[in-house]
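So the structure is just underneath, and the comments pick up after that.
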Amino acid sequence: MNHDINEKAVLKRLLDFVKPFKKQVSIAFILLFITTAAKLGGPYLVKIFIDEYVAPGTYPVKEVALLFTAYLLLHTTGIIVDYLQAFEFQKIALQVIQRLRIDVFRHVMHLRLAYFDRTPAGVLVSRITNDTEAIKELYIGVLSTFVQSGVQLIGTYIFLYLLEPRLATI
């Protein structure tokens with residue numbers, strides 16, 4: 001049980017490094033919501049196409065072309081904004097890691113000389129580098145993917161409720 005508390009404290013401490021970047025995180029989340037809406041808007045346009053044109057068997061060229069254009073624009077917007085939000089999350093993670101490395105270096109510079117007598121410099125540099133790289137991977141690979149997947153899952157349920165509430169409830 002004590003191990004879980006320690007992990008929570010470490011995770012909280014790691015997330016505290018993100019606090020100075022609130023503006024960038026807000027922008028990244030806005031881009032993430034736009035991406036999610038664009039990705040999930042496509043199936044809604046397909047629903048409109050099927051319900052209003054395929055089922056009745058009518059295919060007015062102007063309306064179908066407009067629907068296709070809207071779908072294409074939505075899909076293109078989703079791709080571009082998805083790239084931008086991934087780039088923004090990556091940039092935030094790298095800024096956090098830079099700040100973490102500066103803090104670690106500052107800490108190492110204040111250690112007593114006796115520590116350096118007992119610890120080879122290569123070991124110290126290797127540990128700092130490997131540990132900060134692991135934390136970078138946590139921010140980039142795990143946390144950003146977890147957040148993106150969570151937002152997309154919630155967005156999918158919202159769109160499912162908009163399209164077919166009974167099916168979404170089941």
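Every number in this text was worked out from the coordinates using simple rules, so none of it is lab data. This one's a predicted model, so the numbers in the text were calculated from it and none came from an experiment. Positions of Cβ are backbone-derived with ideal geometry, glycine not excepted, and every protein chain shown enters the neighbour counts.
Against the chain, whose longest principal axis is taken from its Cα atoms, helix 144-163 shows a tilt of about 20°. From most to least packed by mean Cβ count within 10 Å, the peptides 37-43, 114-120 give 37-43, 114-120. Would you mind getting me the FRET efficiency between T119 and Q90? Use the beta-carbon distance for r and R0 = 25 Å, nearest 0.05. So the FRET efficiency works out to roughly 0.15.
Legend: calculated FRET efficiency, I170 to A55, from the Cβ-Cβ distance at R0 = 22 Å, rounded to 0.05, equals 0.45. Restricting attention to the stretch 15-169, the count of lysine pairs at 8 or more positions apart or across chains with alpha carbons under 27 Å apart stands at 13. Extension gain for the segment S149 to D131, taken as residue separation times 0.36 nm less the Cα-Cα distance, is 3.9 nm to one decimal.
Shown here: the stretch 94-170, whose C-alpha atoms stretch 69, 17, 15 Å along the first, second and third principal axes, sorted largest to smallest. As a rough footprinting exposure proxy, the listed residues L31, L67, L15 were ranked by other beta carbons within 10 Å of their own, and the order from fewest upward is L15, L67, L31. Over all pairs of different C-alpha atoms, the stretch 43-154 has a mean inverse distance whose reciprocal, the Kirkwood radius, equals 18.7 Å. Helix 22-49 and the long axis of the chain differ in direction by around 30°, with both axes built from C-alpha atoms. Based on Cα contacts under 8 Å between residues 6+ apart, the chain shows a relative contact order of 32 percent.
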